[in-house]
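> Okay, here's the structure, questions in a sec.
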Amino acid sequence: MKTTGLTALGAMLGMAVPFERNLLPGILPVALAQDTGMDLMAAKKGLVVLGDRPLNAEVPAHLLDADITPYEHLFVRMNGLVPQTALDQNAEGWTLTIDGEVENPLELTIDDLKTRFENVTRRLVIECGGNGRAYFQPGTSGNQWTVGAVGCPEWTGVRLSDVLKEAGLKETAVYTGHYSNDVHLSGDEEKEVISRGAPIEKIMEGDAIIAWAMNGEALSPLHGFPLRVIVPGYPASASQKYLTRIWIRDKEHDGAKMTGDSYRIPAYPVAPGTEVPESDMIVLTDMPIKSIVTFPQTGAEVKADEQVEIRGHAWCGKGDVSAMHISIDFGQTWQEAVLEPAVNRFAWQRWRANVTLPQHGYYEIWARATDGDGISQPPLSPVWNPRGYGNNIQHRIALVATA
Ligand SMILES: Nc1nc2c(c(=O)[nH]1)N[C@H]1C(S)=C(S)[C@@H](COP(=O)(O)O)O[C@H]1N2
Ligand SMILES: [Mo]
């Protein structure tokens, strides 16, 4: 067989493809059809699938009512394909490498992590940087997430800061770079799917963890089996699943989806639709203050003149929600909700309010959280950015009051 001068497709298949010019873009050769992880969605309940290649699915607001988001109601965001090791739930020989700007590079087994470092269990919000993208005008490319690319499961693992202390950070250490073994959509094993990171300062605050369990069970194939990072407060793209390596960098990490306009926003506010030069784009870090109404379900019927409980969650990338308000009159007046304290830093906070709708008819509940700096969620989409990140527009639900 002649294997020289192959096209990219030929190289992938390992042989010439004589009629390649007839293959329309988007038609994947059967021989390359991979498992996209779609059958794993059977155990998810009520999610809205935005795409199957890569697999992306969000959660309707009313299914996010639990304090601890259960497996079946956690959103899924894949940039590539679920790796075979995860599909097989095979962690045999899995190691995590810590290298780069460290005194003692480490190669740790999962057992090493479990036994050599203090184990911690924390409720930590993960929210996709693009959650809310669907509300930007003009629209921006990417998954059209509405409100449900967020969740707050309970994670068990070790502090990433403890592991980095053991590795001994050099003076030159400034950023982490996260790696995994998921497969690029092209099937090309050489191509990185995603490799993002966080400033060392953020990691050394001690909130970021390397987790092996979610809600008391081993991580699932969709959520990073056998190890993942959780960098709470940051867009969840920093929370690498299927973690194999953390490369300590001497500069801002420049792995896949760290550069260009991926997870980056303009350094200054721009008018909607503006083309922003790459040099003026900066990495998206703390996610903005946000809240969600999880009960009642939008469209629910309630009785006029009777008290109804409205509830949901509030969270903030800086970790401090200071107040929660709701309005039943399209934002004319606001009532303060009762805001419960967080069980730990970066867990979402339950809020509740009782309202009485004065007469029969159509109402909306608008929800607005305020962060520790006094910054509240806007009633309209916040500052537009080319890729539609960080939209913390107030969540609204509809209620019908019957006489
Ligand atoms: N290895 C790997 N890690 C990843 C991703 C990915 O595609 N591959 N997606 C990231 C993004 S963009 C998000 S929003 C979260 C989603 O986490 P979840 O699927 O567990 O909800 O994982 C992050 N970690
Ligand atoms: Mo994401």
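> Using just the helices of the chain, give the 222 nm mean residue ellipticity in deg cm²/dmol: DSSP H runs with n ≥ 4 each add -39,500 (n - 2.57), and the total is spread over all residues, rounded to 500.
-1500 deg cm²/dmol
> Ordering ASP207, ASP254, ASP305 by how much accessible area each has at a 1.4 Å probe, largest first, what is the list?
Order by accessible area, largest first: ASP305, ASP254, ASP207.
> Here's another thing I want to ask about it. Could you sort LYS257, LYS45, LYS202 by accessible area so the largest value comes first, with the probe set to 1.4 Å?
LYS45, LYS257, LYS202
> Which residues make up the longest stretch of the chain clear of chymotrypsin sites (Phe, Trp or Tyr not before Pro) that lie in a DSSP loop with no more than 11 other Cβ atoms within 10 Å, not counting the sites?
20-329
> Taking every alpha carbon pair in the chain, what does the distance histogram look like in 20 angstrom bins from 0, in percent?
All Cα pairs considered, the percentages come to 26, 54, 19, 2, 0.
> Among VAL383, VAL76, VAL270, which one shows the biggest mean-square fluctuation in a GNM of the chain, springs joining Cα atoms closer than 10 Å?
VAL270
> Moving on. So which GluC sites (Glu not before Pro) in the range 143-181 pass both tests, a DSSP loop state and at most 11 other Cβ atoms within 10 Å of the Cβ?
Counting only loop positions with at most 11 other Cβ atoms within 10 Å, the GluC sites (Glu not before Pro) in the range 143-181 are GLU171.
> Let me ask something else about it. What residue among LEU13, LEU108, LEU63 has the largest mean-square fluctuation in a Gaussian network model of the chain, using Cα springs under 10 Å?
LEU13
> Can you give the net charge of the other residues whose Cβ lies under 11 Å from the Cβ of CYS128, counting K and R as +1 and D and E as -1?
0
> For the chain, with only Lys/Arg (+1) and Asp/Glu (-1) charged at the beta-carbon, what is the dipole magnitude about the Cα centre, in debye rounded to 20?
Computed charge dipole of the chain: roughly 520 debye.
> Report the local net charge at TYR242: Lys and Arg +1, Asp and Glu -1, summed over other residues whose C-beta lies under 9 Å from its C-beta.
+1
> Taking Cα pairs under 8 Å and at least six residues apart, what relative contact order does the chain come out at, in percent?
Result for the chain is 16 percent.
> Using the Cβ atoms and a cut-off under 13 Å, what net charge is assigned to the surroundings of GLY206, where Lys and Arg are +1 and Asp and Glu are -1?
Result for the local shell: 0.
> Averaged per residue, what accessible surface does the chain expose to a 1.4 Å probe, in Å²?
Solvent-accessible surface per residue comes out at 44 Å².
> Leaving ligands, DNA and RNA out of it, report the carbon-plus-sulfur percent of the accessible area of the chain at a 1.4 Å probe.
51 percent
> Once you've got the GNM for the chain with C-alpha springs shorter than 10 Å, pick whichever of LEU50, LEU380, LEU23 has the biggest mean-square fluctuation.
With Cα springs under 10 Å in the chain, the top fluctuation among LEU50, LEU380, LEU23 is at LEU23.
> How many angstrom lie between the Cα centre of the range 128-144 and the Cα centre of the range 147-195?
Using only Cα atoms to place each centre, the spacing works out to 24 Å.
> How would the range 1-115 be classified by its alpha-carbon gyration tensor: rounded, prolate or oblate, with rounded meaning a/c under 1.5 and the a/b versus b/c comparison settling the rest?
Since a/c reaches 1.5 but b/c is at least a/b, the shape of the range 1-115 is classed as oblate.
> What is the range 337-391 by shape, rounded, prolate or oblate, if you read a ≥ b ≥ c off the alpha carbon gyration tensor as root eigenvalues and call it rounded for a/c under 1.5, prolate for a/b larger than b/c, and oblate otherwise?
The shape class here is oblate.
> Please give the solvent-accessible surface of SER262 in Å², to the nearest 10, using a probe radius of 1.4 Å with every protein chain present.
For SER262, the solvent-accessible surface is approximately 20 Å².
The values are calculated or read from the model by the stated rules, or taken from the named source; none is laboratory data. Small disclaimer: the values here were computed from a predicted structure and weren't measured. Glycine also receives a Cβ, built like all others from the backbone with ideal geometry; neighbour counts cover every protein chain displayed. Surface areas here come from the heavy atoms of the whole protein model, side chains and all, with no ligands, DNA or RNA. Shrake-Rupley method; radii C 1.70, N 1.55, O 1.52, S 1.80 Å.
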